Amino acid sequence: MDLYSISSNALLTAFILYLLATFFFGGAIRQNKSERNKQTKTGTIGLVITIIGFVSQLVYFITRWVITGHAPVSNLFEFTTFLGMSMIFAFIIIYIYYKNAFLGVFALPLATIIIAYASMFSTDVVPLQASLQNYWLSIHVTTVALGQGILFISFVAGLMYLIRQIDQTKLSWRNVMLELVIYCIFLFIGFIAVTTIFNVLSYEATFEVERDGQLVIAEYHLPPIAAPKDSTLLSENVMKSWFEAPAWMHGDEAGRKLNTVIWSFFGGSLIYGLALLISRRRIGERLQPLLKGVKPDMLDEIMYRSVAIGFPVFTLGGLIFAAIWAQIAWGRFWGWDPKEVWALITWFFYAAFLHLRLSRGWHGEKSGWLAVIGFAIIMFNLIVVNLVLASLHSYA
Amino acid sequence: MNKIKCECGHINPEGTVLCEACGKPVEENQHIDGNDDKKLLNMRYDGSARRSQTFKKSLIDKIWGFFSSVKVGVWLIVLTLVASIFGTIFPQEQFIPQDAVSRDPAIFYEDRYGIFGLIYYQLGFHHMYSSLWFIILIALIGVSLVICSLDRFIPLFRALRNQKPKKHKKFLSKQRLYSESSNVDDADIDKLVKNLKKSRYKITEEDGHVLAEKGRFSRWGPYVNHIGLIIILIAAILRSTPIMFSEDYMWVREGEQRVIPGTNNKYYIENKDFILETQNANDERFQEASLEEEIPVNYQTDVVIYEAKNADVVGAEPELEPILTYSIQMNNPAKFDKYTLYQQGYQLNEFKNMSFKIHETDDEKEESLGNFTIDLTNPESVYELDSGFRVELTNYYPDYIMTENGNPASETDHPRNPAFVVTVYPPDSDEGEVSFLGIGKNIDATGENEYKVAIEDVEFRDVSGIAISSDRTLPFFILGATIFMIGVIQGMYWQHRRVWINRDKDGSLLLAAHTNKNWYGIKRDIEKAIEGTNVSMARDQQELDE
């Protein structure tokens, strides 16, 4: 077996182990009340499996580093995978401290979704472009990911708090908003499902697009609902597109990206709809009884502590190390590039979170909403800023 | 000032909520921290007297009160945050792409984004982060930082310095963690104190009353990190002065030696070679990848930096002494004196010079009657050929375009598309013939020319774009960032925990505890400490609703 297949198999193994561990944590929360918040056997098995999975992912990381010759955090696949790994790492640390199996039931599948999401992007090994050739790549990017991984735990605890505490007996703004958050998670699953299905089918549709008098080829791997602007379909026997991407969307890739978003909504909504049908009530409502056994106080504490731990790490990686490297590479430590601005927005947001909590006593539910919004900002910076806004950081 | 004397004898400053020494609530001030009717005391700043909460009459009091409010601070943060978001909807003006119709913001935004682009431009969002109101917002955050910190730090410092182990029962029973135990003997207390010591608590004892405390320094974390932020803001102000910060950009051609702008003619640069390497597709590591486009993996300019020894002598030819030979790469800038040079741009294959020959118009063999070469960055006005021909360079367009009204012009000063009008004087003749020459163009103005000028050879070279910056504010930013990190870690990674162990008048033991965060941790500390004693575990009086 060559190094490349060792690397990808190790990642796959980690992925499967994380899912397996989820089931053990699921088993652990069904134990009787007196054992909760204590180290239980099932919980420990879950932890051990998670750690083996983490080690396996570490094998992926190191072998890929050897193959590429640089820290494997240089494009969307590599970075997002590493982000997933930091989330697992943060979970392991928090679990060892708090021994809360409930957290595993939510954190592990969510981190696994992130890793699966990462694999939807090109996993090709490509050379490192000049702007990234510096040892600061490994320092800056890994610290950012670690900070975000810890903040992810606060999101998970916040989300659990909201599911646990929000009144589901009658329809209200709060439980509708919560349902929306859950629906957004389903969109990720939808994106992963649709991409995987058409990957397996090796679906391909090719368009010829006119750009500034030149003909460019646009390749779709999903059936074209939205075609690129000013394009002609070259492939035969594929679905005819419903419409063209609007003119205000720029870039050669705009049509394909819009198409992917539309498919994610279709796929996500379909899966969410099925889930609704099966559960016969809102997903938040369905999940609520599952969390009966966990103390809201504990969730509140985990949520706050992970912000308290993650915030300094994020500041160091996302602002300070980032500025040092920007100074070396671009000759300016700060340039208001969208990625930089969104890192600052994230920082401002968590700073506000901490002030509201420490000085204005925003505990519990308010804090929970803030933890969810904070992570939404992080995901926005990862996905939208990379794929939509024009940024110096668009490396994928 | 109306000092408040507590029944324990301690004299507190006006506005105190909880006595600095014994913690007894000062009856008339409970509204300040919202303690009325509450089961538990608000311990935020240990009930110390804050200026903003005490004096509210004069204008200064009101301004102070306004900026010392965390609510105001958070609003300022949120406003800046939202403004920042708006700034990323469309690219800022410095990021208008090269291939845009026009790099003029007045045209670009409307052209590319339609009506929304126009509105964006008219609202000035295209230079959001340098707009006055954005800078004012940041400055207000700075003011809020200073006032918030001063308003809280001094009284909190006083309160923590003056605290006594013996606390008023009202103070203890209104703590979040509290228990009363009877039948506790002195051995139990000794054991309890010993256990707390083992958990690295600092013990203060007075008349049998005990205060166990650890991590007090973490309370200063917020104030330390705010100092760091203020240093960063001051550094940003300093950076706007030319003494502290300057930057420039220059194009240097291969083989060219020129003065470095912004150095007062003290330093010169010579571009020996510009190198652009793209990914070698034969590298076996990358075989699997579908390399659709070549990936540039190296931008490099090999330079020699010279220092002019007589830069201050006006009009003298500079005496240059090489001081640095360096390969400037992206991610690897060159440094000398207080300057740093960055590889930031390049232009491949700029025309360096063009060689021409003259031949008779109707000579099919185009036999040369004389050659000349025009240096495109430094053309001469007349070329005297050995064969006796004389060529006058009548007009030179380095970057030729035809304007709308049909006149030739040069779009830039860079020789990207050179074109010439030359007048050829045959030997011993004063009658010249005019020709227009350019890439793929050779136009005879009159159609009656006896001689023709033809391009024989072209030489190219690369041009390297180098940014020069001199930034003396960097140490301040580094200092500010370091202090910020120290402060934020100090405040976030440690907790201030206190456990009070007091004997009540009736002999029962009162145990109360407070921490500024991580209640789970302090509960574990207490559980460990009371193990094997008769002291009952402190009850959490403020659990969130089940």
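Throughout, read-outs are computed from the coordinates displayed, never taken from laboratory work. The model shown is predicted, which means the values in this text are computed figures rather than measured ones. Positions of Cβ are generated from backbone atoms using ideal geometry, with glycine treated the same way; all protein chains shown enter the neighbour counts.
Of the trypsin sites (Lys or Arg not before Pro) found in the range B:365-416, those in coil by DSSP whose Cβ has at most 14 other Cβ atoms within 10 Å are B:LYS365. From least to most packed, judged by other beta carbons within 10 angstrom and beginning with the fewest, A:CYS184, B:CYS6, B:CYS22 follow the order A:CYS184, B:CYS6, B:CYS22. With a 10 Å cut-off around each Cβ of B:64-77, the average count of Cβ atoms from other chains is 3.
Among the complete DSSP H segments of chain A, which ones combine at least 18 Å of alpha-carbon extent along their axis with a mean Kyte-Doolittle hydropathy of 0.0 or more? Length and hydropathy pass: A:3-28, A:41-68, A:76-98, A:101-118, A:136-165, A:173-200, A:254-279, A:296-314, A:338-360, A:364-387.
Once both labels are positioned 7 Å from their Cα atoms along Cα-to-Cβ, the gap between B:LYS3 and A:SER202 label points is 9.0 nm.
Note on chain B: Rg/Rh from Cα positions, Kirkwood definition for Rh, rounded to two decimals, is 1.23. The B:GLU317 and B:PHE217 beta-carbon pair, evaluated with R₀ = 51 Å, returns a calculated FRET efficiency of approximately 0.20.
Using a 10 Å cut-off around each Cβ, can you sort B:LEU79, A:LEU47 from fewest to most neighbouring Cβ atoms?
Ascending number of Cβ neighbours within 10 Å: B:LEU79, A:LEU47.
Which value at 222 nm does chain A reach when only helices count, each DSSP H run of 4 or more adding -39,500 (n - 2.57), with the total divided by all residues and rounded to the nearest 500 deg cm²/dmol? After summing the helix terms and dividing by the residues of chain A, the value is -23000 deg cm²/dmol.
Mind checking which helices in chain B clear 15 Å along their axis (Cα) and have mean Kyte-Doolittle hydropathy of 1.6 or more, DSSP H runs only?
Result, helices passing both filters: B:70-86, B:132-162, B:221-239, B:474-493.
Around B:GLU254, with a cut-off of 14 angstrom between Cβ atoms, what is the net charge of the other residues, counting Lys and Arg +1 and Asp and Glu -1? Overall, the nearby charge balance is -3. Once the Cβ-Cβ distance of B:ILE115 and A:MET239 is raised to the sixth power relative to R0 = 35 Å, the FRET efficiency obtained is 0.55.
Think of the range B:66-147 as a dipole: +1 on every Lys or Arg Cβ, -1 on every Asp or Glu Cβ, centred on the Cα centre; then among B:TYR120, B:VAL74, B:ILE107, B:VAL74 lies furthest on the positive end.
Cβ crowding within 10 Å, taken as a proxy for footprinting-reagent exposure, orders A:PHE186, A:PHE23 from fewest neighbours to most as A:PHE23, A:PHE186. Among the listed pairs B:LYS5/B:LYS523; B:LYS272/B:LYS441; B:LYS164/B:LYS523; B:LYS202/B:LYS505; A:LYS339/B:LYS62, a Cα-Cα separation exceeding 28 Å is found for B:LYS5/B:LYS523; B:LYS272/B:LYS441; A:LYS339/B:LYS62. Short-range pairs are left out: with C-alpha atoms under 8 Å and at least six residues apart, the relative contact order of chain A is 18 percent.
With all pairs of different alpha carbon atoms counted, what Kirkwood hydrodynamic radius in Å does the protein assembly as shown show? The answer is 33.2 Å.
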